[in-house]
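Since the structure comes first, as structure tokens, the remarks are kept for the end.
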Amino acid sequence: MQIRTFQLERYFAKYEFSAPYLLCASDCRSMSIGDLLDMEPGSEDKFKKLWLGYTESAGDPALTEQIAALYSDITPEQILVHSGAEEAIFNTMNVLLEKGDHIIVHYPCYQSLMEIAKAIGCDVTLWETHSHNQWALDLDFLKDHIRSNTRLVIINTPHNPTGYLMPRADMDEVTKLSRQHGFVVFSDEVYRLLEYDARDRLPSICEIDENGLGLGVMSKAFGLAGLRIGWIATRNRDLYQKLAAFKDYTTICNSAPSEFLAAMALRNKQQILGNNLTLIKNNLAALDEFFQKYSDYFTWQPPRAGPIAFPGLRHGDIDAFCHELVSKAGVLLLPGTLYDRSCSNFRIGFGRADMPDCLSKFDEYLQTL
């Protein structure tokens, strides 16, 4: 397979661990193993006694039980654990798609959601969203671009990088169209559970579509990216079995320590998610003030969920702006050109505890201009 360079990941490889002020992180704050073990008395001793042999390919039953509890009417047997979300994306594309197939992708998007399909030889239609329309999806566009060979429609809600939250009626319509035309809906839901108002939370696609594939991960809402635990949730047994068989050629099984710790985190999800949402809301309030202060420089559309947003630069070149900012002030933003070459927006992250310090450095830099 010949696949294009993953531009966003190469950008982070260059700057993520050298820039002192990371203001574009896509995840929530993390914690140490000790912090996590402290949530359950006696867990440290259990962790030390953990057997480091092979694990079950589908995932430790203790973990799949906790993941299934995040959904309604989904059983542990309908959860397939992967090594992060990226493996789940890669495997899904290779199982579902063949050269000549057509897919439609919610855009802008995480690059692998379209690039793997292109490498397979698929025709990819970008279902573009725009800031002037508050990043809303145009369902008429979707209807007009479905073909007889459309195999997959990819949605992402809450959305990366804009924080857009799809209305329930739109998700229901996408599900209806999937039944009419026979395509599979792959829903990137890695920011689910981080809605600022729980009443806005959408069901997972796997809860309302018998063929839908819901993508989840420990990296974003829980801030535990180092565990490298992701999953697919689906009620389609045939798709599940094909994904499980393909996984035999990638990771086979997952890390036993990671699965142990992920299950523990999920048992304590209310505390972890509650703490992260409080942090996100406080940081978002600071961003509202910041972008009001600098409204001549930037456009700002507050997100409705998640720890990221996608403000725009009113004047100038976004690549040059981000380069100057990290070079002179050590503050890292993610230029929108890593999603779309014509984009003048940038991703800002506010799920970490040091966000106010990073924002202060950004403020200091702007005052020198």
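Derivation of every value follows stated rules applied to the coordinates shown; laboratory data play no part. Remember, it's a predicted structure, so these values are computed and weren't measured experimentally. Here the Cβ positions follow ideal geometry from the backbone for every residue, glycine too, while neighbour counts run over all protein chains shown.
Summary table
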read-out: Charged-residue dipole, Cβ positions (Lys, Arg, Asp, Glu), segment 52-268 about Cα centre, Debye nearest 20; value: 140 debye
read-out: Mean residue ellipticity (222 nm) of the chain, computed from DSSP H runs ≥ 4 via -39,500 (n - 2.57), nearest 500; value: -12000 deg cm²/dmol
read-out: Among F350, F90, F222, residue whose mean-square fluctuation peaks in a GNM of the chain (springs only between Cα atoms under 10 Å); value: F90
read-out: Antiparallel DSSP beta bridges within the chain, percent to nearest 5; value: 45 percent
read-out: Amide proton proximity set for V184, modelled H, under 5 Å, gap of 5+; value: L152, V153
read-out: Neighbour net charge for R352 - beta-carbon separation under 9 angstrom, K R +1, D E -1; value: -1
read-out: Vicinal HN-Hα couplings computed from phi for segment 318-335 (Karplus, 6.51 cos²θ - 1.76 cosθ + 1.60; Hz; Gly/Pro x); value: 5, 5, 5, 4, 5, 5, 5, 5, 6, 6, 9, 10, x, 9, 9, 10, 10, x
read-out: Sparse-neighbourhood loop sites, GluC sites (Glu not before Pro) in segment 137-236 - DSSP loop, at most 13 other Cβ within 10 angstrom; value: E210
read-out: Full-stretch length increase - D317, E77 - with 0.36 nm per residue and alpha-carbon distance subtracted; value: 81.5 nm
read-out: Summed side-chain charge close to E77 - residues other than E77 whose Cβ falls under 11 Å, Lys, Arg +1, Asp, Glu -1; value: +1
read-out: Simple Cβ-charge dipole of the chain, Lys/Arg +1 and Asp/Glu -1, about Cα centre, in debye nearest 20; value: 260 debye
read-out: Ranking of W231, W51, W300 by count of other Cβ atoms within 10 Å, fewest first; value: W51, W300, W231
read-out: Listed residues S204, S187, L227: farthest to the positive end of the dipole of segment 173-245 (Cβ charges); value: L227
read-out: Loop sites in segment 236-269: chymotrypsin sites (Phe, Trp or Tyr not before Pro), DSSP, at most 12 other Cβ within 10 Å; value: Y249
read-out: Other-chain or far-sequence residues with amide H under 5 Å of T157's (modelled H); value: D188
